[in-house]
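*Asks:* Here it is: the structure, laid out below.
The values are calculated or read from the model by the stated rules, or taken from the named source; none is laboratory data. As the structure is a computational prediction, the values presented were derived from the model and not from experiment. All Cβ positions, glycine included, derive from the backbone under ideal geometry; neighbour counts span all protein chains shown.
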Amino acid sequence: MIQNPKLVITMVAADSPALAGGLRSGDTISAVSTEKIAIPSDVLTPETVSEFIAMHGEEKINVSYVRGKESGTVSVLPGNGIIPDRKAIGISMDVIGTLSLPVHKAFFEGARTTINLAKTIAVGLATFLYDAVRGSSDLSQVTGPVGIVGLVGDASRLGFIYLLSFTAFISINLAVINVIPFPALDGGRLLFVIIESIKRSPISPKVANTMNAVGFFLLVGLMVLVTVHDVLKLF
């Protein structure tokens, strides 16, 4: 059973009423109301808050929050275009708490979560590469070191567990990317080994080195492109 559950803002959309009102990722929502009606505190969930905002989209929504040792209340007017066909204030939420498990169950849950994350990341990466080949990939969904620094800050505001989980998520991302059969990556080296085992002779060192060099410069170029994109998003 989850202990000490609380409704936390995990993301605030850019140019949203919530951001303009002063809400931030990591804020704990303690109450949501209009001038006439409020959501009972014992049923505060992402679903009830989203439905409440959509149903009272023409009224100002009062959101009470706790941020560290501070607390406050902001009034925001829901807007259009954030969620299709309904009004919203531009926040993502999640119920955060502590789940204590015996060591053996914790190990099992950790392994299962790691496998599921790896599968999800692999599917997402494959979809992105497929869209890139078709010329329809969305670069805004990709971030580099600069963008990750901002995400680390958001995760740290949610708490140590979220920061630890985000660190694990980044590590799994790197592991999945590293096994892609592309020159300069470990996956590229594995591909060379497979080719050599099939042809029963080693690949020419000159060919292998050239391919690794080309792959390395392509990866560096992609990293520079993503970094420039991250920097531009700061302004």
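*Asks:* Can you tell me how many residues in the range 1-37 are under 15 Å from Asn62 (Cβ atoms), assigned to a loop (DSSP other than H, G, I, E, B) and under 21 Å from the mean Cα position of the chain (by Cα)?
*Replies:* Residues in the range 1-37 being under 15 Å from Asn62 (Cβ atoms), assigned to a loop (DSSP other than H, G, I, E, B) and under 21 Å from the mean Cα position of the chain (by Cα): 2 in total.
*Asks:* A further question follows. Among (1) at pLDDT below 90; (2) in a helix (DSSP H, G or I), there is one condition Asn116 misses while meeting the rest; what is its number?
*Replies:* For Asn116, the failing item is (1).
*Asks:* Take the conditions within 29 Å of Ile161 (Cα to Cα) and free of Cβ contacts under 8 Å to residues at least 24 places away in the same chain and apply them to Pro40. Does it pass?
*Replies:* yes
*Asks:* Further question on the same structure: Could you please give the count of residues in the range 92-106 that are modelled with pLDDT under 85 and either in a strand (DSSP E or B) or among the hydroxyl-bearing types (Ser, Thr, Tyr) (or both)?
*Replies:* Residues flagged as modelled with pLDDT under 85 and either in a strand (DSSP E or B) or among the hydroxyl-bearing types (Ser, Thr, Tyr) (or both) within the range 92-106 amount to 5.
*Asks:* Among the residues in the range 146-158, are any surrounded by 13 or more Cβ atoms within 10 Å (Cβ to Cβ), acidic (Asp, Glu) and more than 28 Å from Ser50 (Cα to Cα)?
*Replies:* no
*Asks:* Another question, then. Among the residues of the range 79-115, write down those that are polar (S, T, N, Q) and either exposed (fewer than 11 other Cβ atoms within 10 Å of the Cβ) or more than 16 Å from the chain's Cα centre (by Cα) (or both).
*Replies:* Across the range 79-115, the qualifying residues are Asn80, Thr98, Ser100.
*Asks:* For the range 159-194, name all the residues that are free of Cβ contacts under 8 Å to residues at least 12 places away in the same chain, farther than 27 Å from Pro145 by Cα and surrounded by 13 or more Cβ atoms within 10 Å (Cβ to Cβ).
*Replies:* Leu191
*Asks:* Follow-up. In the range 54-71, how many are under 15 Å from Ser30 (Cα atoms) and touching a residue at least 12 places away in the same chain (Cβ under 8 Å)? Even if it seems obvious, please write down each step before you answer.
*Replies:* Just the residues of the range 54-71 that are under 15 Å from Ser30 (Cα atoms), to begin with: 61-71.
Next, from what is left, pick out any that are touching a residue at least 12 places away in the same chain (Cβ under 8 Å): 61-67, 71.
Of the residues in the range 54-71, 8 are under 15 Å from Ser30 (Cα atoms) and touching a residue at least 12 places away in the same chain (Cβ under 8 Å).
*Asks:* In this structure, is Thr48 polar (S, T, N, Q), under 14 Å from Ser92 (Cβ atoms) and not in a loop (DSSP other than H, G, I, E, B)?
*Replies:* No.
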